[in-house]
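Working notes, structure below.
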Amino acid sequence: MEVKIKRYTVIFRALANGNRLKIITMLSRDKPGKMSVSQIARALKISLKATSNHLVILKNLDVLEDLGSQGHVFYSVNFAMPEDFRKVISVWI
């Protein structure tokens, strides 16, 4: 039980930031597919550094996948994300 509580605490902390929710929504529903860091930053109207920080958090939780191509990193939703995370975000998207 304690492990499950800790895991959900991590998930809810990650989703407590509106920009992270927007990133997940953009990549899964609004603009499905791959987007570069700069495309995401422009869409959110935030700095590249802030965008990168959000993307790293989501990638470390296996919510996003990245692919480097031609000097750019493109992000997409990891459809094999952990089931607990999938359950939580399914309420949102």
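The values are calculated or read from the model by the stated rules, or taken from the named source; none is laboratory data. On a predicted model such as this, the values are computed, not experimentally measured, just so you know. Note that each Cβ is placed from the backbone with ideal geometry, even for glycine, and that neighbours are counted across all protein chains shown. The protein model used for the area step is the full one, side chains on, heavy atoms only, and it has no ligands, DNA or RNA in it. Shrake-Rupley method; radii C 1.70, N 1.55, O 1.52, S 1.80 Å.
Assorted remarks:
- Rounded to the nearest Hz, the phi-derived 3J(HN,Hα) couplings of segment 6-15 under the Karplus curve 6.51 cos²θ - 1.76 cosθ + 1.60 (θ = phi - 60°) are 4, 5, 5, 4, 4, 4, 5, 5, 5, 8, where x marks glycine and proline.
- Solvent-accessible surface of segment 1-66, averaged per residue with a 1.4 angstrom probe and all protein chains in place: 61 square angstrom.
- Of all accessible heavy-atom area on the chain, the percent that carbon and sulfur account for (1.4 Å): 56
- Separation of the alpha carbons by more than 24 angstrom is noted, of 6/87; 4/49; 49/87; 59/87, for 4/49; 49/87.
- Simple point charges give the picture: +1 on the Cβ of Lys and Arg, -1 on the Cβ of Asp and Glu, and for the chain a dipole about the Cα centre of about 300 debye.
- Rg ratio (alpha-carbon, reference 2.2 N^0.38 Å) - segment 5-45: 1.32
- Size-normalised alpha-carbon gyration radius of the chain, reference 2.2 N^0.38 Å: 1.06
- For the peptides 15-23, 58-66, the ranking by mean Cβ contacts within 10 Å, running from highest to lowest, is 58-66, 15-23.
- Residue 92/residue 72 FRET efficiency (R0 22 Å; Cβ-Cβ; nearest 0.05): 0.20
- Helix-only arithmetic for the chain: the sum of -39500 (n - 2.57) across DSSP H runs with n ≥ 4, divided by the residue total, places the mean residue ellipticity at 222 nm at -16000 deg cm²/dmol.
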